[in-house]
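What follows is a set of notes on a single structure, which appears directly below.
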Amino acid sequence: MPAPVGSRRPGKGSPLRGIAYHKHRELASYLDIAERWRRLIEVMPVEAYSTVEVEKMAMAIHRPGGSPASELLSDLGIRGYTVEQLVSFLRKLKYESPLLLLLPKDPVSILTHPENVVCSVGDEIVLEVKASGLPFPNYQWYNSEKQKIPDACHSVLRIPNACMRDQGSYIVNVSNDVNHAFSNWAEVTIIGRHTEAPEPLMITRQPPPVVKEYEGEIVKIHCYARGPRPLEYQWFIDDKTALSLKSLNSVLIISGAKVEDSGRYRCKVTSRALMGEALHSQYCQLIIGKAADPALQ
């Protein structure tokens, strides 16, 4: 059964029977290879087609120019299926070529960045990134020296039997022929087996008790710690407001300081290697004033 002839590019919500004839034929040609059309039926709603109906479609191959996939696509159109529904089925199967027939190209977008990992010698290191895009994204992982990791070209990086030389930072480049994007760095910490207990977490340089600065200047408050890495730093003002997300940066920087930035600051240091053990620094009283403010003298 031929598909209705049409000239417009179908939108996601367009009736399936309204797609252009040449697109119908290209879709059918792709789905006929290795009977991919059967897999399409498998990911559709339960009992969309009975076994008898499926095998009846399969018989189309015995007719001159017959195509089981064309029969399926035409019947889906008659049943009121939309391009949007067909796209959802094709995405489940990761059939890229037919998706490119129905949708415009889409730049890559990283949905989930790889997370920091703490593991023991001999464990498997697993780093994962999730991304979207059309054509489907390509992946390339890099180590802390920004060197390509051989054969690391999938969304999941697996390093079996971890050893101390695997410790470090990892990043992945996600790309298609529209654009590319780098993930955040992921820190891998290896803890040796049957070794001495890890060093305790301690703050080695406390923030100064008082910092005075003029309005408009750049303020830097330092807090250094030592312990099993990775270490995360988070700054607070007056014990209630988080000033930044957790990061590996131990220095709080306030650009163009304002009088309202004045307050009691302190830093929380967390070691993921110690199951989230954390320490708080001492308080630092920040005073921001104008040039003539006697409090700055």
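The values are calculated or read from the model by the stated rules, or taken from the named source; none is laboratory data. As the structure is a computational prediction, the values presented were derived from the model and not from experiment. No Cβ is skipped: glycine too gets one built from the backbone with ideal geometry, and neighbour counts run over all protein chains shown. Note: areas computed on protein heavy atoms with side chains; ligands, DNA, RNA excluded. Shrake-Rupley method; radii C 1.70, N 1.55, O 1.52, S 1.80 Å.
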* Would you please give the FRET efficiency between D151 and S255, computed as 1/(1 + (r/R0)^6) with r the Cβ-Cβ distance and R0 = 41 Å, to the nearest 0.05? => 0.40
* To do: Could you state how much accessible area K290 has, in square angstrom rounded to the nearest 10, with a 1.4 Å probe and all protein chains kept in place?
  => 120
* To do: Take the solvent-accessible surface of the protein heavy atoms, probe 1.4 Å, and return the percent of it on the chain that carbon and sulfur atoms account for.
  => 52
* Three semi-axes of the equivalent ellipsoid, the chain, Cα gyration tensor, whole Å, largest first -> 58, 26, 15
* Coarse-grained scattering of the stretch 209-274 at q = 0.22, 0.24 Å⁻¹, given as base-10 log I(q)/I(0) from a Debye sum over alpha-carbon atoms -> -0.95, -1.07
* To do: Calculate how steeply helix 21-32 sits against the longest principal axis of the alpha-carbon atoms of the chain, using the helix alpha-carbon long axis, and give the answer as 0 to 90 degrees to the nearest 10.
  => 80
* May I ask you to list the lysines whose Cα is less than 22 Å away from that of K105, ignoring any residue fewer than eight positions away on the same chain? => K12, K23, K92, K94, K130
* To do: Might you tell me the accessible area per residue for the chain, computed with a 1.4 Å probe and given in Å²?
  => 57
* Once all Cα-Cα distances of the stretch 44-91 are split into 10 Å bins that start at 0, what whole-number percent is in each one? -> 24, 53, 23, 1
* Asked: With each run of n ≥ 4 DSSP H residues scored as -39500 (n - 2.57), what mean residue ellipticity at 222 nm is computed for the chain after dividing by its residue count and rounding to the nearest 500 deg cm²/dmol?
  -> -5500 deg cm²/dmol
* Where Rh denotes the Kirkwood radius from the mean inverse Cα pair distance, what is Rg over Rh for the stretch 124-262? -> 1.08
* Treating the angle as unsigned and between 0 and 90°, give the value, to the nearest 10°, between the Cα long axis of helix 83-93 and the longest Cα principal axis of the chain. => 70
* **Angle between the chain longest axis and helix 68-78 axis [Cα atoms, degrees, rounded to 10]** => 80
* Structure fact -> Taking placed amide H atoms and a strict 5 Å upper bound, the residues 5 or more places from E277 or on another chain that come that close are S271
* Structure fact -> Two pseudo-spin positions, 7 Å from Cα along C-beta at H180 and at R264, lie apart in nanometres by 5.0
* Any chance you could check the Cα centroid distance between the stretch 33-71 and the stretch 167-243 for me, in angstrom? => 56
